[in-house]
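Structure first, commentary second.
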Amino acid sequence: MRKSKGLLFSIFLFFFYATSVWSQQFQLQNVPNKITGTYTLDAELVLTGTLTVRHRGAASDYFVTFSAGGSGTFDPRQVSSTGGSLLTYQIYDSAVSRNVLKDLSANPTPQEVLRGSFPFDARWNAQHLSFVVILPPGQFPPAGTYTDTITLTLYQGTLDSYTQKAQRSFQVQITMPSVMELSLVPPGAPFSTGSTASTLDFGILEEGKTRAVDVIVRSNQVYTLSMLSQYGNAMQIMDPTDTSTVPLRVTLNSTPILLTPAQSYPIATAAPPTVYAGVRYAFVFTVEPLDFPTAGNYSCIITFTLQAQ
């Protein structure tokens, strides 16, 4: 009787061990809590995320889906600030192929999920998957922190037949910095980062000659813009022993303005935030009638000042 019971007990242990080996077990690990970055106006922002799928047991396919986030749409996703402003972004399988990653609500194709397969193994094996969060340039919301929450879901099987195994969430957090930029460009030219100086050369001074420059302000906050002319509405000879001047007519957006030497002139006060392309202020300088000035070189330095309100 004792030997029979011992044999029965041994068979039971073997059966339990075989069952545990052949069953499939999945884990979703190393999902980032946050994917963070600082937005750049003129260049694409690319952020990389990674996650780990672990498995042991019978051979199996698997796939991972990505929810739409707070916007409820995949075309495109959106991060939002506490004030309700938005930045659009997208989650792709890679920066090269750019297949938008989706969840089952969108009836995704195999290219729109992260997928893989494991062979049979009684031990734990891991596969590391990556994805990218990309924000296109040219957006210009107010400064602040923009967030969205994405849910990842791990499924055993294929898109035709599957079982949910695990779920995790992560946050996309983007910082939109304060932007206050000024650009001096030829008339009609677009904003040019770094173009903050311009030389207007009249050549031989003659009545009626004109030169023009556009001042473009790009700001995501309320701003004030002013200008200061060294000699007011005039150029002065570059000879410290002489005070001869050449009068100038100055127009701002086709309206004549009167500048006092070495005094600030307000161009815009408490102006609202601009669009991405900026707000353009068109200046034209015209040589007024000359009264026999001394021969020589004439100049005037004009300084534009942009400040947060």
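The values are calculated or read from the model by the stated rules, or taken from the named source; none is laboratory data. Treat the numbers as computed from the prediction; the structure is a model and nothing was measured. Virtual Cβ from ideal backbone geometry, glycine too; neighbours counted across all protein chains shown.
A few comments on the model shown:
- Restricting the stretch 59-71 to residues that are at pLDDT 95 or above and surrounded by fewer than 18 Cβ atoms within 10 Å (Cβ to Cβ), the residue that is farthest from Q25 (Cα to Cα) is G70.
- Breaking point among (1) under 25 Å from the mean Cα position of the chain (by Cα); (2) surrounded by fewer than 18 Cβ atoms within 10 Å (Cβ to Cβ), for A126: (1)
- A single entry from T52, T19, T38 fulfils the requirement of being loosely packed, with under 13 Cβ neighbours inside 10 Å, modelled with pLDDT of 95 or more and among the polar types (S, T, N, Q): T38.
- The residues of the stretch 152-211 that are among the aromatic types (F, W, Y) and either in the same structural domain as G138 (by TED's automatic domain parsing) or outside any loop (DSSP other than H, G, I, E, B) (or both), listed by number, are Y155, Y162, F170.
- The residues of the stretch 93-111 that are farther than 16 Å from S161 by Cα and within 25 Å of the chain's Cα centre (by Cα), listed by number, are D93, S94, A95, V96, S97, R98, N99, V100, L101, K102.
- Residue check, P272 surrounded by fewer than 15 Cβ atoms within 10 Å (Cβ to Cβ), under 25 Å from G188 (Cα atoms) and touching a strand residue (DSSP E or B) at 6+ places or on another chain (Cβ under 9 Å): yes
Residue by residue, here is whether (1) under 30 Å from P177 (Cβ atoms); (2) β-branched (V, I, T) holds:
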residue	(1), (2)
N107	no, no
P119	no, no
H128	no, no
F131	yes, no
Q139	yes, no
D148	yes, no
T151	yes, yes
Y155	no, no
D160	no, no
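- Only residues that are touching a Phe, Trp or Tyr at 6+ places or on another chain (Cβ under 7 Å) and either charged (D, E, K, R) or assigned to a loop (DSSP other than H, G, I, E, B) (or both) were counted in the stretch 261-307, giving 6.
- Exactly one residue among S169, S229, S178 is more than 30 Å from L152 (Cα to Cα), in contact with a strand residue (DSSP E or B) (Cβ under 9 Å, 6 or more places away or on another chain) and surrounded by fewer than 18 Cβ atoms within 10 Å (Cβ to Cβ), and that residue is S178.
- The conditions of being buried (at least 17 other Cβ atoms within 10 Å of the Cβ), touching a residue at least 12 places away in the same chain (Cβ under 8 Å), over 14 Å from S80 (Cα atoms) and in contact with a strand residue (DSSP E or B) (Cβ under 7 Å, 6 or more places away or on another chain) are met by T153.
- When we screen Q90, Q139 for residues that are part of a loop (DSSP other than H, G, I, E, B) and closer than 16 Å to G37 by Cα, the only hit is Q139.
- Number of positions in the stretch 238-273 that are closer than 18 Å to V213 by Cβ and of a type in the set (S, T, Y): 4
- Of all the numbered requirements in (1) touching a residue at least 60 places away in the same chain (Cβ under 8 Å); (2) under 30 Å from C300 (Cβ atoms), S198 misses one, and that requirement is (1).
- Residue ID - farthest from F283 (Cα to Cα), chosen from residues in the stretch 230-260 that are of a type in the set (A, V, I, L, M) and not in a strand (DSSP E or B): M238
- Residue ID - surrounded by the most Cβ atoms within 10 Å (Cβ to Cβ), chosen from residues in the stretch 103-123 that are of a type in the set (A, V, I, L, M) and assigned to a strand (DSSP E or B): L114
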